[in-house]
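The values are calculated or read from the model by the stated rules, or taken from the named source; none is laboratory data. All of these numbers come straight from a predicted model, not from anything done at the bench. Positions of Cβ are generated from backbone atoms using ideal geometry, with glycine treated the same way; all protein chains shown enter the neighbour counts.
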Amino acid sequence: MLRGLMMDTPLNVSAALEYGAEMHPDGAIVSATIEGGTHRTTYAETLPRVARLAHALKALGVKEGDRVATLAWNGYRHFELYYAVGGIGAVCHTINPRLFPEQLVYIVNHAKDRVLFFDINLAPLIAKMRAHWPKDMIYVAMCDKAHLPAGEGLEGIHAYEDLLAGQPTAYAWPKIDENAGVSLCYTSGTTGEPKGALYSQRSVMLHALFTLTAGMESLKTGRTVLPVVPLFHVNAWGLPYTAPIVGLNLIMPGVKLDGPNLYDLLENENVFSSWGVPTVWMGLLQEIQKRGRKPSMLGEVIIGGSAAPRAMIEAFETMDIGVIHGWGMTEMSPVGTLGVLATKDRGKPLQERIDLKGRQGRRMFGVELKIVDEGGHRLPHDGEASGELFVRGPGIISGYYENADASARAFDADGWFGTGDVAKITPDGYLIIVDRTKDLVKSGGEWISSIDVENAAMAHPGIAACAVIGVPHPKWQERPLMIAVKAAGADPKPEEVMATLEKAIAKWQLPDDIVFVEQLPLTATGKISKLTLRKQFADHPLPDAE
Ligand code: AMP
């Protein structure tokens, strides 16, 4: 090898905020705070606070590689933690407050967190969980002294602002090995124990740069972006790292993510783009319908985490709000594909473009995709063949954190990571997620894509949300059952929904029954929990099964 003669400068997260503070000093971070009211700051003002926090962490005894946990919503202090913890070479372990208590016990103990920062509305959770977590863990409430929560189980807790007070406003950010861990996120663990994805300084920086190459309108300098996707879930799709690099204004929505609150924030803060899972957009679309107009500046929404129904994409696109439908996983940092249309497709008629946007997008630079059959042989990217999707790239885990068993199962012989998704890929590179392997319905030896059936049902205006699961059937092994929520003020009859479905899918794919419920169970990350539905409807009698 003839070695290149270039500087071996590590990719470190501290560089992103330093750059933002210098080159985009007025870039805003606006937060709907837990204490109430709105907090406004800039990248230039944030850097000295992050330096103070870094000194404070050192004073608490945090060393390189130590895990510092957060249980917090989207807000400026959470953003500061990303950079202070990563900046000193420690690991920011973001935890989803909506996880079940037993998962919270497992995750904190498994990660061996040394310090835990939490938002004050989560104080009751801390008081309840504390006895189950490491005895010597240090707790910091993300507030000033006046708001410090007190009571049983909350003794000896520090106030964030007290820790910062008096600390120096500059920090000589060390050059850290770029392969050092920087943040840790556990999968929500729908099957078995949660598994940790430990991102490195290098991987989060590369992932941030890769997302920038996709050409999304949202990521242009000066744009105002509201991440509904939480900072506690896979680094909010990388936004905290991309934002200071390109100089985005970040609107942090805090804890109130319902349609009306979201609408008001989007309107009042002139938001151009917002990122989140489909369930969030249902609420916003209902609010838009109620008010009769869209938030004035909203020009793009990024939808990922679950399949975006065609009807949802159509609703946004016909309001002139561009939809970018993305796909990814916790194990992928998380973005794998983004629905920025290929150049040749941009001039197509609206309905065709909406069809294309219903696909999960095209691979981002830095992510390789392959689909394989059950024997592990590669399948063609012809838009017809479907198989398990495997991925490879510098933003994808090489193993789970301290979990040799799960790591051993996750990769094929060539080191590709198995996603557990079944997919097709078109010759021009569009990914079509058929289903999760475990969500496919197996009927008489044929597979039915629950996503296809759900998508077709969402075209009925009387359906607000729905999920399709397989239930045992004596003859066909499994048959699809649809569980649906009616749209406000609508009262669709099952036959009417079936009639809509018949237009889009084959007869044998039609659900055997449609059950209406008030609401669908959600996972901790806001996706519809099919696991819960499968348990709930395990004994559901299908009309023709007797
Ligand atoms: P998580 O690691 O919790 O983010 O979940 C990752 C999984 O969510 C993927 O493996 C997919 O099954 C699913 N997923 C994410 N984005 C999409 C999408 N756009 N369409 C369909 N499924 C998706």
Suppose we filter segment 304-321 for residues that are within 15 Å of the ligand (Cβ to nearest atom) and touching a Leu at 6+ places or on another chain (Cβ under 9 Å); how many remain? 3
Of the criteria (1) away from the ligand (no atom under 16 Å from the Cβ); (2) in a strand (DSSP E or B), which one I324 fails: (1)
Scan segment 96-104 and tell me whether some residue there is without any contact (Cβ under 8 Å) to a residue 24 or more places away in the chain and assigned to a helix (DSSP H, G or I). yes
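Out of E402, E388, E368, E384, which single residue is buried (at least 18 other Cβ atoms within 10 Å of the Cβ) and of a type in the set (D, E)? Even if it seems obvious, please write down each step before you answer.
Values: E402 fails: buried (at least 18 other Cβ atoms within 10 Å of the Cβ); E368 fails: buried (at least 18 other Cβ atoms within 10 Å of the Cβ); E384 fails: buried (at least 18 other Cβ atoms within 10 Å of the Cβ).
Exactly one residue qualifies, and that residue is E388.
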Note on segment 330-384: residues farther than 24 Å from A456 by Cβ, assigned to a helix (DSSP H, G or I) and away from the ligand (no atom under 11 Å from the Cβ) are T343, K344
Going residue by residue through segment 375-392, is there one that turns out to be touching a residue at least 60 places away in the same chain (Cβ under 8 Å) and among the charged types (D, E, K, R)? no
With W447, W508 as the choices, which residue is over 20 Å from T279 (Cβ atoms), away from the ligand (no atom under 16 Å from the Cβ) and among the aromatic types (F, W, Y)? W508
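When only residues in segment 408-419 that are among the small types (G, A, S) and away from the ligand (no atom under 16 Å from the Cβ) count, which is surrounded by the fewest Cβ atoms within 10 Å (Cβ to Cβ)? Full working, then the answer.
To start, the set of residues in segment 408-419 that are among the small types (G, A, S) comprises 408, 410, 413, 415, 418.
Then keep just the ones that are away from the ligand (no atom under 16 Å from the Cβ); that gives 408, 413, 415.
Working: A408: 10, A413: 6, G415: 10.
Looking at residues that are among the small types (G, A, S) and away from the ligand (no atom under 16 Å from the Cβ), I get A413.
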Output for segment 517-546, where each listed residue is farther than 15 Å from T279 by Cβ and among the small types (G, A, S): A538, A545
What are the residues in segment 442-490 that are assigned to a helix (DSSP H, G or I) and either charged (D, E, K, R) or not assigned by TED's automatic domain parsing to the domain that holds L520 (or both), if any? D452, E454
I want to confirm something. Restricting to segment 284-303 and keeping residues that are among the small types (G, A, S) and touching a residue at least 24 places away in the same chain (Cβ under 8 Å), which single residue is nearest to the ligand (Cβ to nearest atom)? G299
Please enumerate the residues belonging to segment 501-532 that are more than 25 Å from G305 (Cβ to Cβ) and in a helix (DSSP H, G or I). E502, K507, W508
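Quick check, is K128 in a loop (DSSP other than H, G, I, E, B), away from the ligand (no atom under 16 Å from the Cβ) and out of contact with any Phe, Trp or Tyr (no Cβ under 7 Å at 6 or more places or on another chain)?
Criteria not met by K128.
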Just one of (1) in contact (Cβ under 8 Å) with a residue 60 or more places away in the chain; (2) among the basic types (K, R); (3) crowded, with 20+ Cβ neighbours inside 10 Å trips up R114, so point out which. (1)
Determine, yes or no, whether E178 is outside any loop (DSSP other than H, G, I, E, B) and closer than 25 Å to L47 by Cα. no
Report whether or not W133 is of a type outside the set (S, T, N, Q) and either surrounded by fewer than 17 Cβ atoms within 10 Å (Cβ to Cβ) or farther than 28 Å from A406 by Cα (or both). no
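With the requirement that a residue be charged (D, E, K, R), more than 16 Å from the ligand (Cβ to nearest atom) and part of a helix (DSSP H, G or I), what does segment 533-546 give you? Spell out the reasoning first.
Residues of segment 533-546 that are charged (D, E, K, R), as a first pass: 534-535, 539, 544, 546.
Add one more test, that the residue is more than 16 Å from the ligand (Cβ to nearest atom), and what stays is 535, 539, 544, 546.
K535, the sole residue that qualifies.
Being outside any loop (DSSP other than H, G, I, E, B) and touching a Phe, Trp or Tyr at 6+ places or on another chain (Cβ under 9 Å) is the filter here; which residues of segment 491-500 pass it?
Of all residues in segment 491-500, those outside any loop (DSSP other than H, G, I, E, B) come to 494-500.
The answer is P494, and nothing else.
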Filter segment 420-444 for residues that are hydrophobic (A, V, I, L, M, F, W, C) and under 16 Å from L481 (Cβ atoms); which is farthest from the ligand (Cβ to nearest atom)? V441
